[in-house]
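All remarks here apply to the structure that follows.
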Amino acid sequence: MQTLLPPRSRRAGSSHANPTSPRGLLRRYWPWVRWRALVLVVVYGVGLSAFSAGVATGERPELASEGFLAHVYYTLGLFVLGGLDLGLPRGGPALARVALWFAYFAAPAITASALVESVLRVLNPERWRMRRLKDHIVIAGGGHLALLYLSRLRESGVVRPVIVVDNRSDYPVREIAREGNLVTVSGDINTGALLRTLRLEHAARVLLLTGDDFVNLNAAARILQLAPELENRTIVHVSDLRFLRAVGNTRVGRACEIFNSHQIAAVHVVETEMLRHFESTEAPDSVVLGGFGRFGQTVLDELQRRARGQFNRVVIIDTEVERRARVFEEDVGFPEDYQRLLIPGDLRDPDVWRKADAFLGDAPVYVVGSGDDGTNVRTALWLSVRYPKARVIARSFESSLFASDVAKERGFYSFSVADLVIRSIPERWLTLDE
């Protein structure tokens, strides 16, 4: 199992064309236009050559002696469904008559195929666009993680078709589904019939980014069964610590790159902020975790692995703190080298912070990371005013200019998970390079 952890710097500059620019669109559609135009020109040239060689028709015997423009006109008429009722080829060289017979059949066939293709594009545009895809990227899940990846792909300048699969009707990626290189498909990524339509054997990469860890892992197993060549080119998001630890020694875990957005954010906070604060103080510190969901649990896990002995007290505040602490104790465990206090309650309730005051030491570190960005910023702002000596850290998922401005003004640290995830995406996830 390859796990994505620290943010990587972005590579500056790119020579790839923007997929929505005229150059990008021409590059994408040129193979289709080239072959269609070549067939059309060949058939038209065969018909025109036959008329120019002296072949007439039963209903137009004078056609052989007509000028070049007449030959051009009647050759164009061959492409009209129903024809111009020219009659059977007569006169002229035998080879020219054979060529005209060929044009009689080929020209309306080209017109009919174009008509059928147009109808299919209208009735089922997504499936039609997928019919010839190659070196494309398949994304399962149309939520925020998919948007972040597409943003990074666009920023890199890589021109590559993308298929997004989601079984919801209102997923965020639909807002940008009109882009020329993006196909959206409604359905369950774990359905074998749907997987077979995605041309997985021709895909460059697959990213499984739904909000359900089991769906992602199960889909990974199915995809590797259908397309073994996607081994090491399938990326799976697993948000639950238990799953993340459990899948490491499985076949799917060894064949895929598995990452956790909460771990990316937690490693960043611990390495860049908390360890730096611990080193600047002499006595062991106190830590307050406001919110003990997946992010808060991952922060504590990273602290226990990277900062043992540098903190001696931990206060955990959450509306479901006891249940989540039991889950954490079973999955990770609480060591005995620090004291902990569990406080059930809402972060917006001042009483929960008063309960923590008597347990805390001087200048604690507050990490506010509930699932509500607005609550996190408001709580961090209140804590920075009430405890000016403390180190206050606020998490938000989306990048917020307001949160950044307020944090600078009031002296606390605010970071965006989205920004960290974008910076952490390796270049190989955007290209064919391993």
- [ ] From (1) at positive phi; (2) open to solvent by 50 Å² or more (accessible area, probe 1.4 Å), pick out the condition that doesn't hold for A363.
- [x] (2)
Open item on the list: in contact with a Lys or Arg (Cβ under 9 Å, 6 or more places away or on another chain) and either modelled with pLDDT of 90 or more or open to solvent by 50 Å² or more (accessible area, probe 1.4 Å) (or both): is that true of S384 in this structure?
Closed with: yes
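So that you can scan it fast, the table gives a plain yes or no per residue for (1) out of contact with any helix residue (DSSP H, G or I) (no Cβ under 7 Å at 6 or more places or on another chain); (2) within 23 Å of A112 (Cβ to Cβ):
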position: V43; (1), (2): no, yes
position: V46; (1), (2): no, yes
position: A56; (1), (2): no, no
position: E59; (1), (2): yes, yes
position: V72; (1), (2): no, yes
position: G77; (1), (2): yes, yes
position: G87; (1), (2): yes, yes
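Starting from residues that are of a type in the set (D, E, K, R) and modelled with pLDDT under 90, keep the ones in region 387-401 and report whichever is most open to solvent (accessible area, probe 1.4 Å).
Narrowing region 387-401 to residues of a type in the set (D, E, K, R): 389, 391, 395, 398.
From what is left, the residues that are modelled with pLDDT under 90 are 389, 398.
Values: K389: 175, E398: 83 Å².
Among residues in region 387-401 that are of a type in the set (D, E, K, R) and modelled with pLDDT under 90, the one most open to solvent (accessible area, probe 1.4 Å) is K389.
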TODO: Write out, first by first residue and then by second, each pair whose Cβ atoms fall under 9 Å of each other, whose residues are 6+ apart or on separate chains, and whose first residue, in region 380-409, is more than 19 Å from L347 (Cβ to Cβ) and of a type in the set (D, E, K, R) while the second is open to solvent by 50 Å² or more (accessible area, probe 1.4 Å) and in a loop (DSSP other than H, G, I, E, B).
DONE: K389/D362
Task: Single condition N232 does not satisfy, out of (1) more than 14 Å from the chain's Cα centre (by Cα); (2) among the polar types (S, T, N, Q); (3) on the phi < 0 side of the Ramachandran plot - done: (3)
Task: From K408, K355, residue being open to solvent by 60 Å² or more (accessible area, probe 1.4 Å) and in contact with a Ser or Thr (Cβ under 9 Å, 6 or more places away or on another chain) - done: K408
- [ ] Quickly run through region 192-206 and pick out the residues that are within 29 Å of V159 (Cβ to Cβ) and out of contact with any Gly (no Cβ under 8 Å at 6 or more places or on another chain).
- [x] L195, R196, T197, L198, R199, L200, E201, H202, A203, A204, R205, V206
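Going through region 366-379 one residue at a time, which ones are open to solvent by less than 50 Å² (accessible area, probe 1.4 Å) and either touching a residue at least 60 places away in the same chain (Cβ under 8 Å) or closer than 16 Å to G296 by Cα (or both)?
Going through region 366-379, the residues open to solvent by less than 50 Å² (accessible area, probe 1.4 Å) turn out to be 366-370, 373-377, 379.
Passing the criteria: Y366, V367, V368, G369, S370, D373, T375, N376, V377, T379.
Just a yes or no: is a residue in region 373-386 under 25 Å from the mean Cα position of the chain (by Cα) and within 18 Å of H277 (Cα to Cα)? Steps first, answer last, please.
Step one: list which residues in region 373-386 are under 25 Å from the mean Cα position of the chain (by Cα), which gives 373.
When the remaining residues are screened for being within 18 Å of H277 (Cα to Cα), the result is none.
No, there is no match, as no residue in region 373-386 is under 25 Å from the mean Cα position of the chain (by Cα) and within 18 Å of H277 (Cα to Cα).
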Open item on the list: Suppose we filter region 390-416 for residues that are basic (K, R) and either closer than 17 Å to L289 by Cα or in contact with a strand residue (DSSP E or B) (Cβ under 7 Å, 6 or more places away or on another chain) (or both); how many remain?
Closed with: 2
Open item on the list: Quick check on region 267-287: of everything there that is closer than 11 Å to Y366 by Cβ and of a type in the set (A, V, I, L, M), which residue is farthest from the chain's Cα centre (by Cα)?
Closed with: V287
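Among residues belonging to region 295-345 that are of a type in the set (G, A, S) and open to solvent by 10 Å² or more (accessible area, probe 1.4 Å), point out the one that is farthest from S280 (Cα to Cα). Spell out how you get there, then give the answer.
Going through region 295-345, the residues of a type in the set (G, A, S) turn out to be 296, 307, 309, 325, 333, 345.
From what is left, the residues that are open to solvent by 10 Å² or more (accessible area, probe 1.4 Å) are 309, 333, 345.
Working: G309: 14, G333: 28, G345: 31 Å.
The qualifying residue farthest from S280 (Cα to Cα) is G345.
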Task: All positions within region 134-144 that are closer than 22 Å to D419 by Cα, modelled with pLDDT under 90 and part of a loop (DSSP other than H, G, I, E, B) - done: G142, G143
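For region 414-434, give me the residue count where each residue is open to solvent by 50 Å² or more (accessible area, probe 1.4 Å) and either closer than 20 Å to V299 by Cβ or at pLDDT 90 or above (or both). Reasoning before the result, please.
The initial filter retains those residues of region 414-434 that are open to solvent by 50 Å² or more (accessible area, probe 1.4 Å), namely 419, 423, 428, 432-434.
Right, trim to either closer than 20 Å to V299 by Cβ or at pLDDT 90 or above (or both) and you get 419, 423.
Residues meeting the conditions: 2.
The values are calculated or read from the model by the stated rules, or taken from the named source; none is laboratory data. Keep in mind that what you see is a predicted model, and the values were worked out from it rather than measured. Here the Cβ is made from the backbone with ideal geometry for all residues, glycine too, and neighbour counts use every protein chain on show. These area figures cover heavy atoms from the full protein model, side chains too; ligands, DNA and RNA do not enter into them. Shrake-Rupley method; radii C 1.70, N 1.55, O 1.52, S 1.80 Å.
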